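Peer 1: Got a structure for you, written out below as structure tokens; questions coming shortly.
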Amino acid sequence: MFNLLSNQIHLVEHLNALNEQELAQAKDNLEQLVSLLSVPAAKLLMNRKATGNMLAQHCELAENVSSISEILLSKDALINQINQLCLTEAVVVRDTFENCLEVITSQVTITSQVTTASHQAIPAQEATAQISNRKPLTEQATAEVTVIKPLNKNNVSPIRLGEIKQRLAQAVETDNHQKQAVKAKLNGLLKPQSDSISTPLPKQA
């Protein structure tokens with residue numbers, strides 16, 4: 001039995017095969033055995049010398065109990081098996097129990113973390129799906145711009161037309177001024193001639 005109780009891999013496999021309630025009971029039993037075997041070695045030897053057992057045993061169990069699962073689920077069965085060992089073997093089994101408890105606790109922690117992460121991943125996946133279903137911002141902006149009516153191309157024409165009319169008016173006015181100036185100049189040239197024509201010639205002697 002020492003070989004079975006000191007085989008950490010074998011014990012962990014049996015612990016993992018238990019259901020949740022049985023695992024809790026087995027862990028409690030192992031923790032109690034570790035606590036009982038953690039007293040000074042001199043006390044364990046004194047107990048054996050006084051009572052014949054290192055650990056107090058309240059009932060006698062059949063020695064043919066060989067199922068590890070049954071032993072793990074019974075504190076009395078564990079104590080019975082430990083009492084059949086020498087002190088050195090009992091210490092080795094105690095250390096094995098401690099290692100098994102650490103492994104099982106680590107496995108439970110990792111499982112809990114994975115479960116939590118999987119639950120958190122579902123909203124993240126839903127958010128990702130919602131984002132992927134949305135149109136890109138550029139497409140939305142393009143759609144909004146498409147809805148807006150395009151600017152009237154003729155909106156610039158009145159401004160240009162006004163400038164053109166103003167320039168034409170200025171050109172016409174300048175042309176009129178030039179014409180008036182030319183007329184005035186011509187009139188100025190013609191006036192002396194007309195005066196000279198209308199003046200009577202002096203009489204000949």
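The values are calculated or read from the model by the stated rules, or taken from the named source; none is laboratory data. Keep in mind the model is a prediction, meaning the values are calculated, not measured. Cβ sites come from the backbone with ideal geometry, for glycine too, and all protein chains shown count toward neighbours. Ligands, DNA and RNA are excluded from the accessible area calculation, which covers all protein heavy atoms including side chains. Shrake-Rupley method; radii C 1.70, N 1.55, O 1.52, S 1.80 Å.
Peer 1: Only Cα pairs under 8 Å and at least 6 apart count here; give the relative contact order of the range 1-112 as a rounded whole percent.
Peer 2: Numbers: 100 pairs, mean separation 45.8, N = 112.
Worked out over the range 1-112, it gives 41 percent.
Peer 1: Continuing with the same structure: Give me the Kirkwood hydrodynamic radius of the range 3-93 in Å, from all C-alpha pairs, to one decimal place?
Peer 2: Numbers: mean 1/r = 0.0735 Å⁻¹.
Answer for the range 3-93: a Kirkwood hydrodynamic radius of 13.6 Å.
Peer 1: Would you check the accessible area of H14, probe 1.4 Å, heavy atoms only, in square angstrom rounded to 10?
Peer 2: Counting only protein heavy atoms, the figure is 50 Å².
Peer 1: Taking all protein chains together and a probe of 1.4 Å, list M54, M46, M1 from the most accessible to the least accessible. Please report the intermediate quantities before stating the final value.
Peer 2: On the way: M54 5, M46 125, M1 75 Å².
Highest to lowest solvent-accessible surface, that is M46, M1, M54.
Peer 1: Right, another one. Write down the accessible area per residue of the range 1-105 in Å², having rolled a 1.4 Å probe over the full set of protein chains. Please list the in-between numbers first.
Peer 2: Numbers: 5810 Å² over 105 residues.
Averaged over the residues of the range 1-105, the accessible area is 55 Å².
Peer 1: While we're looking at this one, here's another question. Roughly speaking, to the nearest percent, how much of the range 1-112's 1.4 Å accessible area is carbon and sulfur? Each step should come with its number before you reach the end.
Peer 2: Details: 3330 of 6320 Å².
Of all accessible area on the range 1-112, carbon and sulfur atoms account for 53 percent.
Peer 1: Using label points projected 7 Å from each Cα along Cα→Cβ, tell me how many nm separate Q8 and L45, to one decimal.
Peer 2: If labels sit at Q8 and L45, their model points lie 2.7 nm apart.
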